[in-house]
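Enquirer: Just passing along the structure, written as structure tokens.
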Amino acid sequence: MPDGAPLLELHGVSKRFGAVQALTDVDFEAHAGRVTALVGDNGAGKSTLIKTIAGINQMDTGEYRFDGKPVNVTTPQAATGLGIATVYQDLALCDNLDVVANLWLGREELGGVRLLDETGMEQEASTVLKRLAVRIPSVRTQVASLSGGQRQSVAIARSMLGEPRMVILDEPTAALGVAQTAQVLELIRTLREHGLAVVVISHNLADVFEVADTIVVLRLGRQVAVLDTKQTNSDEVVAAITGAKAGDEQPAEVSEQ
Amino acid sequence: MTVSDLDPRLVANEPGLAGAWAGFRRRMAQGELGSLPVIVGIAVIWLIFWLANDRFLTPVNLTNLLLQLAAIGTIAVGVVLVLLLGEIDLSVGAVSGLAAAVMAVLNVKQGWPGWLAILAGLATGAVIGTFQGFWVTRFRIPAFVVTLAGFLAWTGALLVVLGETGTVNIADEIITGLVNTFFIPLYAWLLAVVVIVAYAAEKLWERRKRAAAGLPVPPMQVLVTRIVVIAVALLATAAVLAADRGLPLSMVIFVGLVVLVDLLIRRTRFGRHVLAVGGNTEAARRAGIQVDNVRLMVFVLASTLAAAGGILAASRLFAVNQSSGASDTLLLAIAAAVIGGTSLFGGRGSAYSALLGGLVILSIENGMNLLGVESSTKFMVQGGVLLLAATVDALSRRGRQAAGRA
């Protein structure tokens, strides 16, 4: 486990949707300059957990600390304000708008007389895309006409415009080809080198082992393992995900709620 | 070149007019139709009615057409905004009638000055819009239902406001002057020239700014072509107006509103948020956009513009009566927006579709009136045109999907 205080700390997070106990007493940490992978089977609570971090869901009970201080994150804006950017699996892009408009959506810059500063936004958009080595035909292309990898890159670039301290990526390599996956993984390493805390949700253990420093496993709404990538192997991770074999920190029986 | 030959996303436009023309043809093939179908439509319709009755293309008749357009078109501008959200407002006709009635009664029966009565009429629209928008956003009832309920309720309210007499005749000079004021022909020419110069200056200035920022700029020939096309259209309009009574004030109001709302949609934060909500509501919400506030504001704008349209209609007819805003007002306004190219599926469209689509639907109405066609036939033809426009919208959407642009 890394030294130093984590950037993000969650303690004892629980969340219930009606009859479904989505999260039970989950602890989670993310450190600056490290990639933390969040893995688990379908319905393990990964999405609920990141939505809680991103302020879309509110936790029923539990503690949320950022940069060592307890904070109250009840809206997406509050999370963004802390410096947490989230890239969702469905990318949340507006197909009818161009790349520039999507990058700046919700934080458009204004020029004179309260009109949009299109030139300024286009310039900065080009700069960011160049820095991340994203290749698209033109920043004025409608997002609808981009490929899956390009859309993923635009979504990640979009999260970088706010100069965040932490980035959450939900299944960034799902549905991507080999070359595009390699590109996105390279992008993730770039983010880590910039000193960001990166949280990656993934089903693909090969990708996880390639980029992650720490692997956090959820199962049936509980956190069942925190593993150092260098000291574990995929058998151990799979065992923790499926509950086939007890990991170090896993209770012998995980009771279903 | 067909789409399958080469991935069109990877094709950059070649420089110059030839490249622009190739890009234009590609966009057409992929369902990015823009305003081309409607401009072709206007040309065909005008040709047909001119062949059927040579009085159709006279300056007098075209000026009358524009006077009619001011009222319906203003309502249609509001409908465009609502359609951009991916919603619909079925109450605009009834709201236009009620707002005009409030204005007329306050002016004629209560003795309010004309300008104050006009403001009261607009305020009526704003209050109704707030009410309907609140209902849509607070209780998550589809706008279709809320505004249908509004349509019935405001129709009833119109009868109450008008009282037993049923018809209120307006003599106030300020109110009737809205549509019946004409500026001397010189002003029509002057305004056309001023707008052309302003348009050209804006385009060239923007091009220089982009070049200075190191961003790609459109080829100069394309820019000049666009400016020339706009200039010819405006000067032709000025010539028509100058040959009749001159420049109508209502036309200045309506076109001014179209330009303003176009600016609002394309160049302001609010407009960008409207497009985003219409394109992908969830994405807009996650981007921190206050989706409900945007929705509410659009319904307020739509009802206020409907009120403005109703006031213009009352000004043109010198009266408000029990059928004000009823019968075909709603159909014409929605048809104008859709025929003009604003998508029923949200997120795509322009304020100018109220102008262009309004010209189509009112040309048909006006032309059939000239030919003495029965109103039964008129309704059926207009219904057919609306269905045709909606079909073009749906098919072009499918074209975009096939080209990966939906």
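The values are calculated or read from the model by the stated rules, or taken from the named source; none is laboratory data. Small disclaimer: the values here were computed from a predicted structure and weren't measured. Note: ideal-geometry Cβ built from the backbone for every residue, glycine included; neighbour counts use all protein chains shown.
Enquirer: Name, by its number, the condition in (1) surrounded by 12 or more Cβ atoms within 10 Å (Cβ to Cβ); (2) touching a helix residue (DSSP H, G or I) at 6+ places or on another chain (Cβ under 8 Å); (3) within 24 Å of A:Gly111 (Cβ to Cβ) that does not hold for B:Gly214.
Expert: Result: B:Gly214 fails condition (1) only.
Enquirer: Another question, then. So, in the range B:285-322, exactly how many residues are charged (D, E, K, R) and within 14 Å of chain A (Cβ to nearest Cβ)?
Expert: Selection size over the range B:285-322: 3.
Enquirer: When you go through B:Leu122, B:Leu162, B:Leu116 one by one, which is the residue that is of a type in the set (A, V, I, L, M, F, W, C), in contact with a strand residue (DSSP E or B) (Cβ under 7 Å, 6 or more places away or on another chain) and either in the same structural domain as B:Ala313 (by TED's automatic domain parsing) or on the phi > 0 side of the Ramachandran plot (or both)?
Expert: B:Leu162
Enquirer: At least 3 residues that are over 30 Å from B:Thr342 (Cβ atoms) in each: list the helices (runs of 4 or more DSSP H) lying fully within the range A:45-147 that qualify.
Expert: Qualifying helices (runs of 4 or more DSSP H): A:46-53, A:76-82, A:118-131.
Enquirer: Also: Please state which of the following conditions A:Glu29 fails to meet, knowing it meets all the rest: (1) within 14 Å of another protein chain (Cβ to nearest Cβ); (2) in contact with a strand residue (DSSP E or B) (Cβ under 7 Å, 6 or more places away or on another chain).
Expert: If we test A:Glu29 against (1) within 14 Å of another protein chain (Cβ to nearest Cβ); (2) in contact with a strand residue (DSSP E or B) (Cβ under 7 Å, 6 or more places away or on another chain), just (1) comes out false.
Enquirer: Is it fair to say B:Thr165 is outside any helix (DSSP H, G or I) and among the polar types (S, T, N, Q)?
Expert: So B:Thr165 fits the description; yes.
Enquirer: Within the range A:84-127, work out how many residues are modelled with pLDDT under 85 and more than 9 Å from chain B (Cβ to nearest Cβ).
Expert: The total comes to 4.
Here's the yes/no breakdown for (1) of a type outside the set (Lys, Arg); (2) touching an Asp or Glu at 6+ places or on another chain (Cβ under 8 Å); (3) in a loop (DSSP other than H, G, I, E, B); (4) more than 14 Å from chain A (Cβ to nearest Cβ):
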site	(1), (2), (3), (4)
B:Ser324	yes, no, yes, yes
B:Ala337	yes, no, no, yes
B:Gly346	yes, yes, yes, no
B:Leu388	yes, no, no, yes
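Enquirer: Let me ask something else. Specify the residue that is farthest from the chain's Cα centre (by Cα); the eligible residues are those in the range A:13-51 that are under 17 Å from A:Tyr88 (Cβ atoms) and without any contact (Cβ under 8 Å) to a residue 12 or more places away in the chain.
Expert: A:Asn42
Enquirer: Kindly provide the set of residues from the range A:202-220 that are buried (at least 21 other Cβ atoms within 10 Å of the Cβ) and closer than 18 Å to A:Thr242 by Cα, ordered by number.
Expert: A:Ser202, A:Val208, A:Ile215, A:Val216, A:Val217, A:Leu218, A:Arg219 - these are the residues of the range A:202-220 that are buried (at least 21 other Cβ atoms within 10 Å of the Cβ) and closer than 18 Å to A:Thr242 by Cα.
Enquirer: With the condition kept exactly as written, say whether any residue in the range B:183-191 is in a helix (DSSP H, G or I), free of Cβ contacts under 8 Å to residues at least 60 places away in the same chain and within 14 Å of another protein chain (Cβ to nearest Cβ).
Expert: Looking for residues that are in a helix (DSSP H, G or I), free of Cβ contacts under 8 Å to residues at least 60 places away in the same chain and within 14 Å of another protein chain (Cβ to nearest Cβ), one finds none in the range B:183-191, hence no.
Enquirer: Here is a follow-up. For the range A:37-59: of the residues being among the β-branched types (Val, Ile, Thr) and buried (at least 20 other Cβ atoms within 10 Å of the Cβ), which is nearest to A:Asn204 (Cα to Cα)?
Expert: So the residue we want is A:Val39.
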